[in-house]
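For reference, the structure is listed below as structure tokens.
The values are calculated or read from the model by the stated rules, or taken from the named source; none is laboratory data. Predicted model only: the values in this text are computed from it and were never measured. Please note: Cβ atoms are built from the backbone with ideal geometry, for glycine as well, and neighbour counts cover all protein chains shown. In case anyone asks, the SASA skips ligands and DNA or RNA and just uses the protein heavy atoms, side chains included. Shrake-Rupley method; radii C 1.70, N 1.55, O 1.52, S 1.80 Å.
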Amino acid sequence: MNTTGRAKAIPPIFVGKWTTNILFALNEGAYRHGQLKRRLRGVSQRMLTRTLRHLESARLLERKSSEPDGRVVRYSLTELGRGFIRPLTSMCNWARQHDKNVSAEVRIVEMKQP
């Protein structure tokens with residue numbers, strides 16, 4: 001496995017409850033932080049911010065400011081993120097079908113599809 005260059009720079013993608021919910025929400029369109037928090041009922045401020053930063057560093061979403069002072073920020077999927085939706089949906093469907101046989105450590109929890 002190649003561990004040099006670009007492969008090293010991109011962090012692994014951890015697929016969990018909030019990751020899947022955020023990606024499926026952003027697949028519908030761009031959201032501001034507060035809009036996402038309301039849409040994802042139950043996510044803490046800290047977890048939402050942490051997950052958004054992780055997905056941004058993995059280049060699955062982008063953070064854009066529409067105001068010069070940076071106060072209005074929207075999150076949206078990148079081309080890479082949009083391309084990840086199909087395999088993510090397949091993984092979620094697989095996890096649902098094998099729920100009894102998949103350990104809690106790798107199971108994808110409570111996803112919401114568009």
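Things worth noting here:
- Qualifying residues in the range 82-114 (those that are at pLDDT 80 or above and polar (S, T, N, Q)) - the one surrounded by the most Cβ atoms within 10 Å (Cβ to Cβ): Thr89
- Every pair of residues 6+ apart whose Cβ atoms lie under 8 Å, when the first sits in the range 73-89 and is over 19 Å from Arg63 (Cβ atoms) and hydroxyl-bearing (Ser, Thr, Tyr) while the second is at pLDDT below 95 and not in a helix (DSSP H, G or I): Thr89/Gln113
- Among the residues making up the range 40-69, those that are open to solvent by 40 Å² or more (accessible area, probe 1.4 Å) and assigned to a loop (DSSP other than H, G, I, E, B) are Arg41, Gly42, Ser44, Arg59, Ser66, Glu67, Pro68, Asp69.
- Of the numbered criteria (1) in contact with a strand residue (DSSP E or B) (Cβ under 9 Å, 6 or more places away or on another chain); (2) at pLDDT 90 or above, the one Val72 fails is (2).
- Residue satisfying all of: in the range 14-39; of a type in the set (Val, Ile, Thr) and either assigned to a loop (DSSP other than H, G, I, E, B) or in contact (Cβ under 8 Å) with a residue 60 or more places away in the chain (or both); farthest from Arg74 (Cα to Cα) among these: Val15
- Scanning the range 70-81 for residues that are assigned to a helix (DSSP H, G or I) and loosely packed, with under 15 Cβ neighbours inside 10 Å yields a total of 2.
- When we screen Leu55, Leu60, Leu36, Leu40 for residues that are modelled with pLDDT of 95 or more and of a type in the set (A, V, I, L, M), the only hit is Leu36.
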